[in-house]
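Novice: Just passing along the structure, written as structure tokens.
The values are calculated or read from the model by the stated rules, or taken from the named source; none is laboratory data. Being a predicted model, the structure only gives us computed values, none of them experimental. Positions of Cβ are backbone-derived with ideal geometry, glycine not excepted, and every protein chain shown enters the neighbour counts.
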Amino acid sequence: MLKDRRLRYLGRSLLVVVAAVGLLVSQASAQGERLVRLTFYYPVGVAGPLARVVDGMVQEFNAEHPFIEVVPVYSGDYDPTMMKVQTAVRGGNPPDIAVVEISEFPTLLAMGAIIPLDDYIAQHPGYIDAFFPAFLDNSQFEGQVWGIPFQRSTPVLYWNKAAFAEVGLDPESPPTTWTELADYAQRLTTRTGTDVTRWGVTISGGWNDWLFEGFVRQSGGQLIDFHGQEVKFNSPEAVEALEFWVELMQGLKVGPPHSTWASTPPDFVAGRTAMLYHSTGIMTFLKSSADFPFGAAFMPANVTYGAAVGGGNFFIFKDIPQENQDAAWTFIHWITSPEKASYWSAASGYVAVRADAYELAEMQELVTEHPEYLVARDQLAFGHGKMMAPVYQRVREILKSALDDAQAGLVSPRVALDRAQEEMERTLRSWIQTR
Amino acid sequence: MRSRPATFSAALHRLGLNRLLLHMILLIVSTITAAPYFWALSTSLKLRRDVFTPVPQWIPPNPTLQNYVDLFYMAPFGLFLVNTILVVSGILVIQLITAPLAAYVFARLRFAGSGFLFGLFLVQMMMPIHAVVVPNYLTINAMGLLDTRLAMMLPFWASGYAVFLLRQAFRQVPRDFEDAALIDGCSGLRFLWHVLLPLAKPTVIAFSLISVVTHWNDFLWPLIVTDSPAVRTLTIGLAMFVQQESGADWPVLMAGTIFVTLPLLLLFLVYQRKFIESFMYAGLKG
């Protein structure tokens with residue numbers, strides 16, 4: 001019986017396919033257009049069956065556009081994706097479209113791998129203005145737009161409401177300033193003898209450079225001014241931010257000096273830390289795993305609120321036929337429409353990249369049910385582009401080892417950042433010389 | 001062979017150990033070694049909310065096979081398994097032809113520049129894959145082999161490591177054997193096939209296992225040269241569950257890990273004795 005039904009289903013879907021192909025062929029011959037096939041490299045940055053979601057959206061696009069066939073190619077997460085892109089470009093075989101981590105933009109630019117999108121953008125008045133300005137920071141260079149935001153996130157502060165209630169704090173009021181954060185963290189830290197059984201606040205390692213950027217922004221500073229071509233790793237604001245970290249981790253001992261990006265969400269879920277700095281990307285994971293009420297809030301302010309945005313942008317590649325570039329734009333424009341942006345946000349937990357996506361009914365429904373999703377959006381008012389530079393991987397390593405050394409109490413924040421500044425200048429100078 | 005157990009227990013005695021104690025130590029060590037695997041197995045059978053509990057739970061409180069179902073829903077793991085087996089065996093078969101021939105030359109023949117050539121082979125051994133990704137990619141692209149299984153095999157058909165291992169093994173076979181074989185009219189390839197290779201069998205098996213494991217686990221090269229799921233391998237499928245921004249979906253990731261490692265584990269269990277032997281093999285006795 002079951003087999004019978006399956007067979008009939010198979011037969012029917014075969015019929016549909018045959019009909020669709022027939023339609024396609026007849027249309028193609030009628031208009032004399034050729035099928036453009038596009039290779040689309042994409043990383044998946046957050047957990048869940050997102051590869052399926054991307055495939056589904058691509059199929060929908062292909063069905064609506066008989067003369068374009070986008071072929072999605074899963075390319076690992078951000079670092080392997082960049083390696084695959086670089087190898088393919090050097091090998092003279094670039095993809096047509098790729099989603100690449102936003103800080104790699106200068107590297108792509110320096111390689112001459114991508115094209116500016118202004119002519120395409122001009123075809124759709126109002127299109128680019130709908131995006132959150134903070135998300136466009138990592139797309140622009142010398143007045144031109146080179147990338148379109150797609151899977152974007154920002155760090156927020158998660159807090160365990162049960163733990164707040166337990167120590168007599170108002171479970172509905174997260175800390176809003178650094179001073180409150182330090183104060184709450186002290187009250188929330190529990191110890192058995194000298195062993196910490198629950199940390200007050202965990203600033204996740206691994207991508208601590210990204211979180212650190214947020215703290216520097218909160219102090220009113222900036223790490224790399226890409227447009228002014230200046231590195232400010234040892235600015236007073238950066239030193240102040242790192243001194244605050246070291247105070248939390250080494251002075252007050254209310255936060256772990258070492259952690260990894262993947263281990264801290266489980267720590268939060270298991271109640272081993274009462275507050276957690278992490279990406280909005282873990283919201284879905286926390287919802288399905290935590291058995292206590294929790295909230296998401298703006299990262300507390302020093303002189304201002306502030307955050308560095310993260311994630312991946314679309315790029316269109318050079319050295320592919322003009323018709324491929326045109327078709328690539330059609331795809332990018334389609335998949336960043338308000339409807340698709342809100343669908344993608346709901347399916348992935350990423351922040352929807354444009355403001356008008358939040359006006360749609362399905363998005364309204366989602367945020368009424370889960371107001372936490374709005375925190376990330378609202379924090380964007382204080383959001384800035386992520387630091388970026390050529391040889392970004394190297395740049396990250398320099399900053400991360402300075403942070404790790406200072407967090408471990410091996411060197412003072414000032415010395416660590418002075419060294420990082422020096423090494424950065426040397427690295428970038430030798431990069432310029434070898435070009 | 002009879003002398004070994006005697007010296008073995010003598011050695012134990014010198015260390016102040018008896019067999020019972022030894023077994024207890026081994027038991028502890030093997031428990032430690034096996035624990036992560038059992039933990040992965042246990043996690044793969046858990047619900048997401050049962051993964052992080054204050055008290056570690058070895059037995060899943062609500063055992064489920066759903067993670068394995070999800071795994072196959074998210075990526076065609078069956079196809080990936082077939083591809084992996086094809087690629088790994090495709091590499092091994094050719095390596096087992098090229099390596100013994102080269103090793104025989106380096107072990108038995110003297111010719112001008114043989115030392116230098118062997119040095120070059122050793123350099124190949126020391127070269128990390130990352131250093132040759134781009135040149136290899138260019139070659140594969142020029143041959144029009146991108147996005148094929150062949151592209152994943154081709155660069156590994158000649159292995160400096162295999163040549164080095166086998167050359168050492170061949171050199172341990174005394175000259176007398178070769179002389180004796182020569183007298184009986186057995187030389188060159190026949191000598192290699194009938195005398196050297198059988199004597200070096202443990203080395204061949206050890207290398208085979210190393211080769212299989214290495215290429216089974218290879219990630220970067222397959223990711224770079226392939227695009228379509230039709231030719232891709234298990235490690236790429238597994239990577240879909242390790243996420244940079246949000247950590248990992250542990251139960252599904254562990255289900256994937258179990259599925260990916262199980263064939264290797266079974267292979268090792270089958271060839272375990274040979275594998276261990278090959279590392280203890282210290283030349284011919286007597």
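Novice: State whether the residues of region A:123-138 include one that is over 22 Å from residue A:355 (Cβ atoms), under 22 Å from the mean Cα position of the chain (by Cα) and not polar (S, T, N, Q).
Specialist: There is no residue in region A:123-138 that is over 22 Å from residue A:355 (Cβ atoms), under 22 Å from the mean Cα position of the chain (by Cα) and not polar (S, T, N, Q).
Novice: Here is a follow-up. Which condition breaks for residue A:141 when tested against (1) among the aromatic types (Phe, Trp, Tyr); (2) over 19 Å from residue A:312 (Cα atoms); (3) in contact with a His (Cβ under 8 Å, 6 or more places away or on another chain)?
Specialist: For residue A:141, the exception is condition (2).
Novice: Identify the residue in region A:295-311 that is of a type in the set (A, V, I, L, M, F, W, C) and within 14 Å of another protein chain (Cβ to nearest Cβ) and, among all such residues, is farthest from residue A:150 (Cα to Cα).
Specialist: A:296
Novice: Looking at region B:130-141, is at least one residue at negative phi, within 14 Å of another protein chain (Cβ to nearest Cβ) and not in a helix (DSSP H, G or I)?
Specialist: no
Novice: Here's something else I'd like to know. Could you list, in sequence order, the residues of region B:198-232 that are β-branched (Val, Ile, Thr) and buried (at least 18 other Cβ atoms within 10 Å of the Cβ)?
Specialist: Listed by number, the residues that qualify are B:203, B:204, B:212, B:224, B:225, B:226, B:231.
Novice: Among the residues of region B:86-100, are any closer than 19 Å to residue B:153 by Cα and within 14 Å of chain A (Cβ to nearest Cβ)?
Specialist: Scanning region B:86-100 turns up no residue that is closer than 19 Å to residue B:153 by Cα and within 14 Å of chain A (Cβ to nearest Cβ).
Novice: Hey, among B:216, B:221, which residue is closer than 18 Å to residue B:84 by Cα, at pLDDT 90 or above and within 14 Å of another protein chain (Cβ to nearest Cβ)?
Specialist: B:221
Novice: Out of everything in region A:29-68 that is within 12 Å of chain B (Cβ to nearest Cβ) and modelled with pLDDT under 80, what residue ends up being nearest to residue A:343 (Cα to Cα)?
Specialist: Among residues in region A:29-68 that are within 12 Å of chain B (Cβ to nearest Cβ) and modelled with pLDDT under 80, the one nearest to residue A:343 (Cα to Cα) is A:50.
Novice: Here is a follow-up. Taking region A:92-112, which residues are within 14 Å of chain B (Cβ to nearest Cβ) and not charged (D, E, K, R)?
Specialist: A:92, A:93, A:94, A:95, A:97, A:98, A:99, A:100, A:102, A:103, A:111, listed by residue number.
Novice: Please go through region B:58-79 and pick out each residue that is in a loop (DSSP other than H, G, I, E, B) and either under 30 Å from residue B:228 (Cβ atoms) or basic (Lys, Arg) (or both).
Specialist: Once the filter is applied, which keeps residues that are in a loop (DSSP other than H, G, I, E, B) and either under 30 Å from residue B:228 (Cβ atoms) or basic (Lys, Arg) (or both), region B:58-79 yields B:65, B:75, B:76.
Novice: Restricting attention to region A:179-213, report how many residues are more than 14 Å from chain B (Cβ to nearest Cβ), modelled with pLDDT of 95 or more and in a strand (DSSP E or B).
Specialist: So the answer is 4.
Novice: For region B:34-43, check the following and say yes or no: at least one residue is at pLDDT 85 or above and among the polar types (S, T, N, Q).
Specialist: Checking region B:34-43: at least one residue is at pLDDT 85 or above and among the polar types (S, T, N, Q).
Novice: Still on this model: Filter region B:35-57 down to the residues that are in a helix (DSSP H, G or I) and of a type in the set (D, E, K, R), then identify the one that is surrounded by the most Cβ atoms within 10 Å (Cβ to Cβ). Steps first, please.
Specialist: Of region B:35-57, the ones in a helix (DSSP H, G or I) are B:35-44, B:48-50.
Now restrict to residues that are of a type in the set (D, E, K, R): B:48-50.
Details: B:48: 16, B:49: 15, B:50: 18.
That would be B:50.
Novice: Shifting gears a bit: Condition test on residue A:275, is it in a strand (DSSP E or B) and either within 19 Å of residue A:187 (Cα to Cα) or at pLDDT 90 or above (or both)?
Specialist: Working: in a strand (DSSP E or B): yes; either within 19 Å of residue A:187 (Cα to Cα) or at pLDDT 90 or above (or both): yes.
The answer is yes for residue A:275.
Novice: Report yes if some residue within region B:155-176 is within 14 Å of another protein chain (Cβ to nearest Cβ) and either closer than 17 Å to residue B:87 by Cβ or assigned to a helix (DSSP H, G or I) (or both); otherwise report no.
Specialist: Among the residues of region B:155-176, at least one is within 14 Å of another protein chain (Cβ to nearest Cβ) and either closer than 17 Å to residue B:87 by Cβ or assigned to a helix (DSSP H, G or I) (or both), which makes the answer yes.
Novice: Have a look at A:196, A:201, A:145 and point out the one that is of a type outside the set (S, T, N, Q), in contact with a helix residue (DSSP H, G or I) (Cβ under 6 Å, 6 or more places away or on another chain) and outside the structural domain of residue A:325 (by TED's automatic domain parsing).
Specialist: A:201
Novice: Kindly indicate whether any position in region B:250-266 is more than 15 Å from residue B:80 (Cα to Cα), at pLDDT below 85 and buried (at least 18 other Cβ atoms within 10 Å of the Cβ).
Specialist: Checking region B:250-266: at least one residue is more than 15 Å from residue B:80 (Cα to Cα), at pLDDT below 85 and buried (at least 18 other Cβ atoms within 10 Å of the Cβ).
Novice: Please tell me if residue A:420 is under 24 Å from the mean Cα position of the chain (by Cα), part of a helix (DSSP H, G or I), surrounded by 15 or more Cβ atoms within 10 Å (Cβ to Cβ) and not hydroxyl-bearing (Ser, Thr, Tyr).
Specialist: no
Novice: Residues in region B:39-80 that are more than 11 Å from chain A (Cβ to nearest Cβ), over 31 Å from the mean Cα position of the chain (by Cα), among the β-branched types (Val, Ile, Thr) and within 21 Å of residue A:267 (Cβ to Cβ): how many?
Specialist: Counting residues in region B:39-80 that are more than 11 Å from chain A (Cβ to nearest Cβ), over 31 Å from the mean Cα position of the chain (by Cα), among the β-branched types (Val, Ile, Thr) and within 21 Å of residue A:267 (Cβ to Cβ) gives 0.
Novice: Scan the helices (runs of 4 or more DSSP H) fully inside region A:322-378 and keep the ones with 2 or more residues being touching a Leu at 6+ places or on another chain (Cβ under 8 Å) and either assigned by TED's automatic domain parsing to the domain that holds residue A:62 or touching a residue at least 12 places away in the same chain (Cβ under 8 Å) (or both).
Specialist: A:322-335, A:338-348
Novice: Next question, about the same structure. I'm checking my understanding of the structure. Among residues of region B:111-129 that are more than 14 Å from chain A (Cβ to nearest Cβ), part of a loop (DSSP other than H, G, I, E, B) and not aromatic (Phe, Trp, Tyr), which one is surrounded by the fewest Cβ atoms within 10 Å (Cβ to Cβ)?
Specialist: Taking region B:111-129 first, the residues more than 14 Å from chain A (Cβ to nearest Cβ) are B:111-127.
Those still in the list that are part of a loop (DSSP other than H, G, I, E, B) too: B:111-113, B:127.
Now narrow it down to the ones that are not aromatic (Phe, Trp, Tyr): B:112-113, B:127.
Details: B:112: 7, B:113: 9, B:127: 10.
If we take residues in region B:111-129 being more than 14 Å from chain A (Cβ to nearest Cβ), part of a loop (DSSP other than H, G, I, E, B) and not aromatic (Phe, Trp, Tyr), then B:112 is surrounded by the fewest Cβ atoms within 10 Å (Cβ to Cβ).
Novice: Among the residues that make up region A:397-411, is at least one of them surrounded by fewer than 21 Cβ atoms within 10 Å (Cβ to Cβ), away from every other protein chain (no Cβ under 14 Å), of a type outside the set (Phe, Trp, Tyr) and in contact with a Phe, Trp or Tyr (Cβ under 6 Å, 6 or more places away or on another chain)?
Specialist: no
Novice: Scan region A:46-80 residue by residue and report those that are part of a helix (DSSP H, G or I) and within 19 Å of residue B:140 (Cβ to Cβ).
Specialist: A:80 - this is the single residue of region A:46-80 that is part of a helix (DSSP H, G or I) and within 19 Å of residue B:140 (Cβ to Cβ).
Novice: Still on this structure: Filter region A:69-91 down to residues that are at the interface with chain B (Cβ under 7 Å from one of its Cβ atoms), more than 14 Å from residue A:55 (Cβ to Cβ) and of a type outside the set (Val, Ile, Thr) and give me whichever is nearest to the chain's Cα centre (by Cα).
Specialist: A:78
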